[in-house]
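These notes concern the structure reproduced below.
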Amino acid sequence: MSLLQILRPTLPILIGASIMLTLSMGLRQSLGIFVQPLTQDIKISVSDFTLALAVQNLAWGFLQPLAGAMTVRYGFRPIMMVGSLFYIVGLALLAGAQGMLTVMIGGGVLIGTSLACTAAAIAMSVAARSVPAAVRSTVMGIVSAAGSLGALLSAPIGQLLNEGFGWRTGMMGFVILSLFMLPAAWYAGRVDKVPLPPKGPDDIADTSAAVAVKIAFGNASFVVMTLAYFVCGMQLVFLTTHLPSYLAICGMDPMLSAQTLGMIGGFNVLGSLFFGWAGQRWNKLALLGGIYIARSLILAWYFMLPPSPASTLLFGALMGFLWMGVGPLVAGAVAEMFGLQWQAMVQGLAFMSHQLGSFLGAYGGGLLYDSLGSYTMAWRIGVALGLAGGIIQVTFALIRPSAPPPMVPAR
């Protein structure tokens, strides 16, 4: 049976999850475009704005397990719909911001809460629930790839509106785009009618959230993956938050930052497809470690040289290929270890570590810039921690290997 035939009954669910993910991630990844004009207009510092983004990441991370647990009790649809509404309101508050409080509530708390209900952990869980195990990693790679298109759309639109009409108009353009999350979440919510597969021998099922948490943190492979995931969040959010500011400081064309974020989004598609395909065939945890090592080497190469348009776009392409490929790998690893019933919550537990790294990448990068007047120390820390985390992850994965699910032969 071909992949299309397998997916046909659940295509509306997968398309809805993909659109919801592409908007929630794409809009968030493009907020760095507005750092310079917003902070200058409403008289706050760069570190003030990045503190709001850091709070966003903490809210997202610490509420992700709660959102995942609530899907078990209430279903995916109500959680995703409420999260979409929070995103719309959060962006609207940002568009009308007059000071730090509104930025913190809109860009920090509300968007962070929304991401816990609409972003990768929930979208990947919806995709995993919808398809057989034999094609799960590949399908999650496809959804992650579709979810990567948001930056291709939102970054150029936001930059064009920002340059032509001001940052508030650019932010209102984001509000309009976010409205499409509501119907996408509604269609993705059809997954609530898809029955869970039979329970496997190691699956967490028919138990309480507390017991599920205890079982997850009793698994050494999960703990190592969770600790290494910290590095992922730190590197990615540092880039999305500070790269536009870094390029402006270096005298680059402001459009280059939007083009680079768009390049990241475009190569996200290829990377997500590749790592979804690869995770169906090879050790997911070893692939994760390889991504962290490769990212760190590319980060070191780029920041050691003076930026140019060509090197910046190449950097965006390379980092984009290694960006959201972690999504299907982490989600697939969690599903293999613990099953599907508590997948969203357990994946959310790992994501808390990712978001602590995101907090350090966003706010720590801003503090180091304000204190030292450059990003040199920030990227050096990112490279060092990335190499350490990646090497530990690969080593442990090779010591305790896991096999992907058997492939279904084509007929």
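Restricting region 371-395 to residues that are more than 24 Å from the chain's Cα centre (by Cα) and open to solvent by less than 60 Å² (accessible area, probe 1.4 Å), which is farthest from Ala52 (Cα to Cα)?
Of the residues in region 371-395, the ones more than 24 Å from the chain's Cα centre (by Cα) are 371-374, 376-377, 395.
Next, only the ones that are open to solvent by less than 60 Å² (accessible area, probe 1.4 Å) stay: 373-374, 376.
Values: Gly373: 20, Ser374: 21, Thr376: 23 Å.
The selected residue is Thr376.
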Contact list please: Cβ distance under 6 Å, first residue in region 275-290 and under 18 Å from Ala388 (Cβ atoms), second residue modelled with pLDDT of 85 or more and among the β-branched types (Val, Ile, Thr), pairs at least six apart or on different chains.
Ala286/Val394; Gly289/Val394
Qualifying residue in region 174-182 (condition: in contact with a helix residue (DSSP H, G or I) (Cβ under 6 Å, 6 or more places away or on another chain) and farther than 19 Å from Ile15 by Cβ):
yes
Filter result (modelled with pLDDT under 80 and buried (at least 18 other Cβ atoms within 10 Å of the Cβ)) within region 158-179:
Gly158, Gln159, Asn162
Residue within region 136-159 that is touching a helix residue (DSSP H, G or I) at 6+ places or on another chain (Cβ under 9 Å), under 25 Å from Trp277 (Cβ atoms), basic (Lys, Arg) and touching a residue at least 40 places away in the same chain (Cβ under 8 Å) present:
yes
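Quick one: which helices (runs of 4 or more DSSP H) lie wholly within region 265-340 and hold at least 2 residues that are more than 20 Å from Ala128 (Cβ to Cβ)?
Working: elements: 284-304, 309-321, 326-338.
Qualifying helices (runs of 4 or more DSSP H): 284-304, 309-321.
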Among the residues of region 40-58, how many are in contact with a helix residue (DSSP H, G or I) (Cβ under 7 Å, 6 or more places away or on another chain) and either open to solvent by less than 10 Å² (accessible area, probe 1.4 Å) or outside any helix (DSSP H, G or I) (or both)?
8
Looking only at residues that are at pLDDT 75 or above and open to solvent by 20 Å² or more (accessible area, probe 1.4 Å) in region 354-370, which one is nearest to Ser125 (Cα to Cα)?
Leu356
Of the candidates Ala258, Ala228, the one satisfying the condition of being out of contact with any Ser or Thr (no Cβ under 6 Å at 6 or more places or on another chain), modelled with pLDDT of 80 or more and in a helix (DSSP H, G or I) is Ala228
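Looking at the structure I just gave you, is Gly68 of a type in the set (Gly, Ala, Ser), in a helix (DSSP H, G or I) and crowded, with 24+ Cβ neighbours inside 10 Å?
Values: of a type in the set (Gly, Ala, Ser): yes; in a helix (DSSP H, G or I): yes; crowded, with 24+ Cβ neighbours inside 10 Å: yes.
Yes.
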Search result, residues across region 223-243 that are more than 15 Å from Gly327 (Cα to Cα) and among the aromatic types (Phe, Trp, Tyr)
Phe238
May I ask you to list the residues in region 85-111 that are open to solvent by less than 10 Å² (accessible area, probe 1.4 Å), farther than 21 Å from Phe180 by Cβ and either hydroxyl-bearing (Ser, Thr, Tyr) or assigned to a helix (DSSP H, G or I) (or both)?
Val103, Gly108
Whether any residue in region 262-272 is hydrophobic (A, V, I, L, M, F, W, C) and more than 19 Å from the chain's Cα centre (by Cα) is what I want to check.
no
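The values are calculated or read from the model by the stated rules, or taken from the named source; none is laboratory data. Just so it is clear, the structure is predicted and the values come from calculations on it, not from any experiment. We place every Cβ from the backbone using ideal geometry, glycine too, and count neighbours over all the protein chains shown. In case anyone asks, the SASA skips ligands and DNA or RNA and just uses the protein heavy atoms, side chains included. Shrake-Rupley method; radii C 1.70, N 1.55, O 1.52, S 1.80 Å.
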